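The values are calculated or read from the model by the stated rules, or taken from the named source; none is laboratory data. Note that the coordinates shown come from a computational prediction; the quantities given were computed from them, not determined experimentally. Don't worry about glycine lacking a Cβ; one is built from the backbone with ideal geometry, like all the others, and counts go over all protein chains shown.
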Amino acid sequence: MKMFVVFVILLHVSQHASAVELYEGVSFILPCQGDTFGLFDPTVVWSRSDLSPPTVHQHQHQGDELKDQNQRYSGRTSMKTDALETGDLSLNLTDLQLSDSATYTCSIRDKRIGQIRLTDVQLEVKERFPSWVKALLVLLVLLVVSGGLLFHFRQYFMKGYKVGVESAVESVLLPCQAIVCLPKDAKVEWMDSYRKVHVYKNGSDRPEEQDQFYKGRTKIKRNLLEPGDLSLTLKPPTDTNTYTCTV
Ligand SMILES: *[C@@H]1O[C@H](CO)[C@@H](O)[C@H](O)[C@H]1NC(C)=O
């Protein structure tokens, strides 16, 4: 609630000092001043003529008189206890709702002279987050979550091969096929679980980028008839490992 009060300070109050725009959830003091001197048992009445019953709040010398109060303002209104002595007849309205947008009338009622209208306050309560902002937030969250899932389970989308060889063989071919045609400056990277096995960039091998362990032991297949074939020849195969081909 305290935070909301800060928002109230940022309000736009029009020249007529009676039209106010607020966000839902905040509390707001509807201003009203009135000299009650010489009145006989006066009643301060805050009302909304578009409602039935119209009473938003009533206050007398003895205290608040809320038996005629409209249900929707139940527990959300208060006035200063010494309002009739000081003439500060302002109404504290809390937890503003969109349906509170209306014109509020502050008047004073006296048994002899009847009802005197003192002030009209026009209130416009706005949604803090319009529905398009909410929709955008939901969309963003969905995007992030699905992106995260896709990243987490990326190996399930990759094509995997299990290549088994006898320990005595000289070399092994690790298959990798690109479905699309690669651009000339494409970079192909073969990795084991943590080392760079082979790097191929801009149309040539990059032995300076590969791990020492694989120096002179790798050869990428470059076949002009099959430009998508990025299979790697490894010799000799040493141990069981998972090799990843990335373009
Ligand atoms: C309005 O009423 C609320 C709830 O009783 C209270 O927290 C808030 O301080 C009041 N505002 C002012 C300015 O008195």
Being away from the ligand (no atom under 16 Å from the Cβ) and over 22 Å from Gln122 (Cα atoms), is that true of even one residue in the stretch 44-53? no
Residue check, Arg222 against (1) surrounded by 10 or more Cβ atoms within 10 Å (Cβ to Cβ); (2) out of contact with any Gly (no Cβ under 9 Å at 6 or more places or on another chain), all met but one. Which one? (2)
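Anything in the stretch 70-88 that is assigned to a loop (DSSP other than H, G, I, E, B) and of a type in the set (Gly, Ala, Ser)? List them, or say none.
Of the stretch 70-88, the ones assigned to a loop (DSSP other than H, G, I, E, B) are 70, 74-76, 79-82, 87.
Selection gives Ser74, Gly75, Gly87.
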Kindly check whether there is at least one residue in the stretch 59-68 that is crowded, with 18+ Cβ neighbours inside 10 Å and more than 16 Å from the ligand (Cβ to nearest atom). no
Give me the pairs: first residue in the stretch 18-34 and assigned by TED's automatic domain parsing to the domain that holds Thr94 and within 11 Å of the ligand (Cβ to nearest atom), second residue at pLDDT below 90 and assigned to a strand (DSSP E or B), beta-carbon distance under 8 Å, and six or more apart or on different chains, which are they? Phe28/Val20; Phe28/Leu22
Name the residue that is modelled with the lowest pLDDT, counting only residues in the stretch 159-178 that are surrounded by fewer than 13 Cβ atoms within 10 Å (Cβ to Cβ) and of a type in the set (A, V, I, L, M, F, W, C). Ala168
Could you tell me which of the residues Lys201, Lys187, Lys196 is in contact with a strand residue (DSSP E or B) (Cβ under 8 Å, 6 or more places away or on another chain), at pLDDT 90 or above and basic (Lys, Arg)? Lys196
Looking at (1) outside the structural domain of Cys32 (by TED's automatic domain parsing); (2) in contact with a Cys (Cβ under 6 Å, 6 or more places away or on another chain), can you tell me which one Leu89 breaks? (1)
Just name the residue that is farthest from the ligand (Cβ to nearest atom) out of those in the stretch 69-96 that are over 37 Å from the mean Cα position of the chain (by Cα) and β-branched (Val, Ile, Thr). Thr86
